[in-house]
Amino acid sequence: MSSPGHGVRRRREYPYALFLIPGALAFLAVIVVPFLMNTGISLTHWQGVGGPEWAGLDNYRDLLDDSAFWESFRHSLAMVVAMAVIPTALGLVLAAALFDYIARHIGTRTASVLRACFYLPQVLPIAVAGIVWSWILAPENGALNEALDAVGLGSLRHDWLGDPDFALFSVMAVMVWVQLGFPLVVFMAGLQRVDPSLHEAAELDGASWWRRFWHVTLVQIRPEIFVVLLWCTIAALKVFGAVYVLTKGGPGGATNVPSYFSFQSFFEKTQVGYGSAVSTALTVIILALALVGLRLQTRAEDQDQ
């Protein structure tokens, strides 16, 4: 027979579980069911109308042999560099500069304004940002080419988004600008919990700013670095809006990524089953990456403790 205290405790815990039901139902309806339906469609040949024809794993076999898909996946790795690696590195340095120098020597208000300016691209809809950058990078009367003319560097004018050799790098540069604000804000929040006495002790020992940053700051904000790298890498793997607005995967597939490749299979080629296979494979890759990242973060935290 259970004790009265045990029954009271169960009655107290039960109402909290009710608050999880709406989120669980939304997750089931928005994530789980569509994913299972998409996976089912990926096992068929279907043009979006009529009845689907069972194909088994044929779409996945074709995917393994599709050079266009693997090329889009290599472009996606380039996006990881542009949206995760470079913004994380730049965000660390800029956050440290804003926190350690500008906030202390110029003022916290100035540091806050600069932080907001860096974060502004994150607030803008990606469609708006993409349209603005397409104007800037336009080959005729584009702001960048006009600026090069104005400073006597007209020989460097280029069709930045129309040349297969430059298009991917141009999109990468735009995504660095878009993504930089997120790691900057996260790292500035993380810097506020670093014990100032550690920096003071290192400074008394004669450590330079760079050595303090490398051996004290980076160690203390390692959890934030894990979070930023994981979050930005996932965002890079599923990037779609910027590619759609800026280049539509062109020229000649030079900027195509798996998410846009799936979109093309769905709506341009009406290969719904094949497009579903692409999106399913991409989802599995992202889930695996997230699990590995979380595992590595947990292991690092356990080692620190």
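The values are calculated or read from the model by the stated rules, or taken from the named source; none is laboratory data. Computed from a prediction, not measured in an experiment: that's the story for all the values here. Methodologically, a virtual Cβ is constructed for each residue, glycine included, from the backbone with ideal geometry; neighbour enumeration extends over all protein chains shown. When the accessible area is computed, the model is the full protein with side chains, heavy atoms only, and any ligands, DNA or RNA have been set aside. Shrake-Rupley method; radii C 1.70, N 1.55, O 1.52, S 1.80 Å.
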Q) If you check Ala89 against the conditions, is it of a type in the set (Gly, Ala, Ser), open to solvent by 50 Å² or more (accessible area, probe 1.4 Å), assigned to a helix (DSSP H, G or I) and out of contact with any Gly (no Cβ under 7 Å at 6 or more places or on another chain)? A) yes
Q: Go through (1) open to solvent by 60 Å² or more (accessible area, probe 1.4 Å); (2) closer than 30 Å to Phe187 by Cβ; (3) touching a Phe, Trp or Tyr at 6+ places or on another chain (Cβ under 7 Å); (4) not acidic (Asp, Glu) one by one and return the number of the condition Arg74 breaks.
A: (3)
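Tell me, which residue of segment 277-301 that is hydroxyl-bearing (Ser, Thr, Tyr) and closer than 22 Å to Trp70 by Cα is surrounded by the fewest Cβ atoms within 10 Å (Cβ to Cβ)? Spell out the reasoning first.
Going residue by residue through segment 277-301, those that are hydroxyl-bearing (Ser, Thr, Tyr) are 279-280, 283, 298.
Then drop every residue that is not closer than 22 Å to Trp70 by Cα, which leaves 279-280, 283.
Working: Ser279: 23, Thr280: 21, Thr283: 16.
Result: Thr283.
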Q. Quick one: which of Thr280, Thr298, Thr255, Thr247 is at pLDDT below 85, of a type in the set (Ser, Thr, Tyr) and within 22 Å of the chain's Cα centre (by Cα)?
A. Thr298
Q) In segment 150-171, how many are part of a helix (DSSP H, G or I), open to solvent by 70 Å² or more (accessible area, probe 1.4 Å) and more than 27 Å from Pro87 (Cβ to Cβ)? A) 2
Q: Report yes if Ala202 is hydrophobic (A, V, I, L, M, F, W, C) and exposed (fewer than 15 other Cβ atoms within 10 Å of the Cβ), otherwise no.
A: no
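Residues are listed down the side, and each one gets a yes or a no for (1) closer than 23 Å to Val81 by Cα; (2) open to solvent by 80 Å² or more (accessible area, probe 1.4 Å); (3) free of Cβ contacts under 8 Å to residues at least 60 places away in the same chain:
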residue: Ile131; (1), (2), (3): yes, no, no
residue: Ile136; (1), (2), (3): yes, no, yes
residue: Ala143; (1), (2), (3): no, no, yes
residue: Ala147; (1), (2), (3): no, no, yes
residue: Ala173; (1), (2), (3): yes, no, no
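With segment 207-253 as the region, which helices (runs of 4 or more DSSP H) entirely inside it contain at least 2 residues that are open to solvent by less than 60 Å² (accessible area, probe 1.4 Å) and closer than 28 Å to Asp100 by Cβ? Working first, answer last.
Working: elements: 209-212, 222-237, 241-246.
The qualifying helices (runs of 4 or more DSSP H) are 222-237.
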